[in-house]
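Colleague: I have a structure here, written as structure tokens, and I will follow up with some questions on it.
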Amino acid sequence: MSERFKRVGVIGAGAWGTALAQVATFAGHKVTLQAREPEVVQSIRADQQNAIYLKDVELSPDIRATGDLAELADCDLILAVPPAQHMRAALTAFAPFARDDVAIVLCSKGIERGTDALMNEILRDVLPHARGAVLAGPSFAAEVARGLPAAVTVACDDAPLCARIAASLAGPTFRPYKSNDMIGAEAGGALKNVLAIACGISEGKGLGRNAHAALITRGFAEMSRLAVAMGGQFETMVGLCGLGDLVLTCSSSQSRNMSVGMALGQGMTLEEALAGKVSVAEGVQSAPAAVDLGRKFDVELPLCQAVNSVLQGEMDVRTAIDALLSRPLKVERA
């Protein structure tokens, strides 16, 4: 059994950050959870509940909420869970307090818009001496926080560190599998959000189960092609952080990204689809970055391109669907 980390901190108290703090308490840790919003800190301290992002889930008393990143300075394991587009700013703010030997697990799924960087590339830019890992997989925050069973991937190119992180987070209902493929884990986690918007559009438009199954299958092919071109492993894509995460995110309105797609399919504008949502739909920001990466690595991504065209207002939903269905017939390849 690998040695466990002793002090766990979580950066970001959205739904997933709060759920992961809860997971760490299930594994026996006392956790310091940093929140940007003072009202979240107050809610957790006063009521043992994150009333803004994770309603109706009673949180462990072993979660200590704070608004001050300096209070994570003594942590030897950090779970970084801000929205992907804010990962660089969050790590930069934490840098003055980071221990030299700190392990940072990147738990946000997305591609940075403007740089097209994955989260582990941002970590290398901001904290080059930190020991990095990625956590991804099929995991709705509310279910995880309630202690319902879930399995995820912890990816790290340092095998002993990967084993130590997995041992530190494993609990009675939370099962981390180990991988050495950080690129594959991140590519799967980012593209599945874009593809979930496509599945949501299909659902909102009433295109049926056949179309839904086709979108997941061909979306998996796009995800796999890009991940491998970027240096990831195809085996990773058929696992939890690839196919597993894709199936979950594309199959339930619990998915923020799928719910945005459903609204678009029902005729709403993007602004209307996003209105009133407190949690971030990462696929909206990752879509243009995914298209950029497809061009960079010469990988065909017709579904991601169609979603991005709808999000950017370049096509309406009906035109995007017609364009996909009228593409030249091809041999099926993953």
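Colleague: Assuming Gly147 fulfils every condition listed in (1) touching a Ser or Thr at 6+ places or on another chain (Cβ under 8 Å); (2) among the small types (Gly, Ala, Ser); (3) buried (at least 16 other Cβ atoms within 10 Å of the Cβ) apart from one, which condition is it?
Modeller: Answer for Gly147: the failing condition is (3).
Table: residues versus (1) out of contact with any Leu (no Cβ under 6 Å at 6 or more places or on another chain); (2) more than 23 Å from Pro288 (Cα to Cα); (3) open to solvent by 10 Å² or more (accessible area, probe 1.4 Å); (4) modelled with pLDDT under 95.
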| position | (1), (2), (3), (4) |
| --- | --- |
| Lys178 | yes, yes, yes, no |
| Gly200 | yes, no, no, no |
| Ala213 | yes, yes, yes, no |
| Glu222 | no, no, no, no |
| Val228 | yes, no, yes, no |
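Colleague: Among the residues of the stretch 61-74, write down those that are outside any strand (DSSP E or B) and touching a strand residue (DSSP E or B) at 6+ places or on another chain (Cβ under 8 Å). Explain how you work it out, then say what you get.
Modeller: Looking only at the stretch 61-74, we keep the residues that are outside any strand (DSSP E or B), and these are 61-62, 67-74.
Matches in the stretch 61-74: Asp62, Gly67, Asp68, Leu69, Glu71, Leu72.
Colleague: With the checklist (1) in contact with a Leu (Cβ under 6 Å, 6 or more places away or on another chain); (2) over 16 Å from Met119 (Cα atoms); (3) aliphatic (A, V, I, L, M) in hand, flag the one item Ala287 doesn't pass.
Modeller: Just one mismatch for Ala287, condition (2).
Colleague: Going through the stretch 18-43 one residue at a time, which ones are assigned to a helix (DSSP H, G or I), open to solvent by 10 Å² or more (accessible area, probe 1.4 Å) and either of a type in the set (Gly, Ala, Ser) or closer than 22 Å to Leu77 by Cα (or both)?
Modeller: Within the stretch 18-43, Thr25, Phe26, Val41, Ser43 meet the criteria.
Colleague: In the stretch 90-127, what count of residues is obtained for those that are in a helix (DSSP H, G or I) and within 18 Å of Ser279 (Cα to Cα)?
Modeller: Qualifying residue count for the region: 1.
Colleague: Within the bounds of the stretch 274-283, is there any residue that is buried (at least 21 other Cβ atoms within 10 Å of the Cβ), under 25 Å from Arg175 (Cα atoms) and within 17 Å of the chain's Cα centre (by Cα)?
Modeller: yes
Colleague: Another question, if that's okay. What is the number of the single condition among (1) over 17 Å from Ala187 (Cα atoms); (2) open to solvent by less than 70 Å² (accessible area, probe 1.4 Å); (3) not charged (D, E, K, R) that Cys304 does not meet?
Modeller: Every condition holds for Cys304 apart from (1).
Colleague: Which numbered condition trips up Val57, out of (1) among the β-branched types (Val, Ile, Thr); (2) over 18 Å from the mean Cα position of the chain (by Cα); (3) over 14 Å from Arg146 (Cβ atoms)?
Modeller: Val57 satisfies every listed condition except (3).
Colleague: Related question: Got a sec? Which helices (runs of 4 or more DSSP H) wholly within the stretch 221-291 have at least 1 residues that are over 16 Å from Ile183 (Cβ atoms)?
Modeller: Counting at least 1 such residues, we get 245-249, 256-265, 270-274.
Colleague: Here's another thing I want to ask about it. Pick out the one residue from Asp116, Asp100, Asp74, Asp68 that is farther than 21 Å from Val154 by Cα and touching a His at 6+ places or on another chain (Cβ under 9 Å).
Modeller: Asp100
Colleague: Taking Ser108 and the conditions (1) modelled with pLDDT of 95 or more; (2) touching a His at 6+ places or on another chain (Cβ under 9 Å); (3) surrounded by fewer than 24 Cβ atoms within 10 Å (Cβ to Cβ), which numbered condition does it fall short on, given that it satisfies the others?
Modeller: For Ser108, the failing item is (3).
Colleague: Here is a follow-up. Tyr53 passes all but one of (1) in contact with a helix residue (DSSP H, G or I) (Cβ under 6 Å, 6 or more places away or on another chain); (2) under 26 Å from Cys162 (Cα atoms); (3) open to solvent by 20 Å² or more (accessible area, probe 1.4 Å); (4) not charged (D, E, K, R); which number fails?
Modeller: Failed condition: (2).
Colleague: Has the stretch 155-176 got at least one residue that is of a type outside the set (D, E, K, R), closer than 18 Å to Met230 by Cα and buried (at least 20 other Cβ atoms within 10 Å of the Cβ)?
Modeller: Among the residues of the stretch 155-176, at least one is of a type outside the set (D, E, K, R), closer than 18 Å to Met230 by Cα and buried (at least 20 other Cβ atoms within 10 Å of the Cβ), which makes the answer yes.
Colleague: Only residues that are modelled with pLDDT of 95 or more, of a type outside the set (Gly, Ala, Ser) and surrounded by fewer than 23 Cβ atoms within 10 Å (Cβ to Cβ): list them for the stretch 230-255, please.
Modeller: Met230, Gln233, Phe234, Glu235, Val238, Leu243, Val247, Leu248
The values are calculated or read from the model by the stated rules, or taken from the named source; none is laboratory data. As the structure is a computational prediction, the values presented were derived from the model and not from experiment. Here Cβ is always computed from backbone atoms with ideal geometry, including for glycine, and neighbour counts include all displayed protein chains. Calculation scope for accessible area: heavy atoms of the full protein, side chains included, ligands and nucleic acids excluded. Shrake-Rupley method; radii C 1.70, N 1.55, O 1.52, S 1.80 Å.
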